[in-house]
1. Do you know which residues across segment 109-142 are open to solvent by less than 50 Å² (accessible area, probe 1.4 Å) and charged (D, E, K, R)?
2. On the given criteria, is Gly91 in a loop (DSSP other than H, G, I, E, B) and within 16 Å of the ligand (Cβ to nearest atom)?
3. Looking only at segment 51-66, filter to residues that are more than 9 Å from the ligand (Cβ to nearest atom) and part of a helix (DSSP H, G or I); which one of those is surrounded by the most Cβ atoms within 10 Å (Cβ to Cβ)?
4. Residue under question is Leu152, and the condition is that it be open to solvent by 60 Å² or more (accessible area, probe 1.4 Å) and either closer than 22 Å to Gly44 by Cβ or part of a strand (DSSP E or B) (or both); does it hold?
5. Among residues belonging to segment 74-88 that are more than 12 Å from the ligand (Cβ to nearest atom) and not aromatic (Phe, Trp, Tyr), point out the one that is least open to solvent (accessible area, probe 1.4 Å).
6. Report, by residue number, each residue of segment 31-48 that is open to solvent by less than 20 Å² (accessible area, probe 1.4 Å) and within 11 Å of the ligand (Cβ to nearest atom).
7. All but one of (1) open to solvent by 10 Å² or more (accessible area, probe 1.4 Å); (2) within 12 Å of the ligand (Cβ to nearest atom); (3) of a type in the set (A, V, I, L, M, F, W, C) hold for Ala69; which doesn't?
Amino acid sequence: MSLDWVPLKARVVACTDCPLHAKRNKTVFGVGDEHADWLFVGEGPGADEDAQGEPFVGQAGKLLDNMLAAIQLKRGTNVYIANILKCRPPGNRNPEPREALQCEPYLHRQIELIHPKLIIALGKVAAANLLATDSSVAGMRGRVHQYRGIPLIVTYHPAYLLRNLADKAKAWADLCFAVRTMAGLDPPPGGT
Ligand code: URA
């Protein structure tokens, strides 16, 4: 796929490539700075996102915004937020492999256009689809992976953290690791 932003967004709005289109209210394309250094990738829209057409606007989204603020980031400013799926799976079930596969070219094209320095995969579904692995989040945290040559870090999904408060400390450690990783990706001016 080689579409630019405007035709890409139009293609997603009109998409009927998988059965999820039948029950959606709105497609959820993604939001933020189209030249962001940071790309956060979630799983798929929930009810709030399906209603509003924007990713992470429900309870999990509030936590994601707080996680961003904790590392001095803000939705829309040097940050882009997207999902593996552009349409809501009924009852918030996990994406079927076929749905994720059909939707993948959209996210891939977004990533090509954004050209982020670092991708943060939020949760197992995002990580599994981006890295083509079946590992657990626990098994993928704390290392820098690669998605088509772009560094990628895995952390817990905010919705999981809302149910598992004890793991918030691990997510905080992951965010600190991401900040250090990002700093290491920027060579010091004039330095080696
Ligand atoms: N969970 C996700 O993975 N993405 C959203 O946009 C909202 C909730």
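1. Arg109
2. When the stated conditions are applied, Gly91 does not pass them.
3. If we take residues in segment 51-66 being more than 9 Å from the ligand (Cβ to nearest atom) and part of a helix (DSSP H, G or I), then Leu63 is surrounded by the most Cβ atoms within 10 Å (Cβ to Cβ).
4. Against the criterion (open to solvent by 60 Å² or more (accessible area, probe 1.4 Å) and either closer than 22 Å to Gly44 by Cβ or part of a strand (DSSP E or B) (or both)), Leu152 does not qualify.
5. Checked segment 74-88; the qualifying residue least open to solvent (accessible area, probe 1.4 Å) is Val79.
6. Phe40, Val41, Gly42, Pro45, Gly46, listed by residue number.
7. (2)
The values are calculated or read from the model by the stated rules, or taken from the named source; none is laboratory data. If you're wondering where the values come from, they're calculated on a predicted model, not measured in any experiment. Positions of Cβ are generated from backbone atoms using ideal geometry, with glycine treated the same way; all protein chains shown enter the neighbour counts. For accessibility, only protein heavy atoms count, side chains too; no ligands or nucleic acids. Shrake-Rupley method; radii C 1.70, N 1.55, O 1.52, S 1.80 Å.
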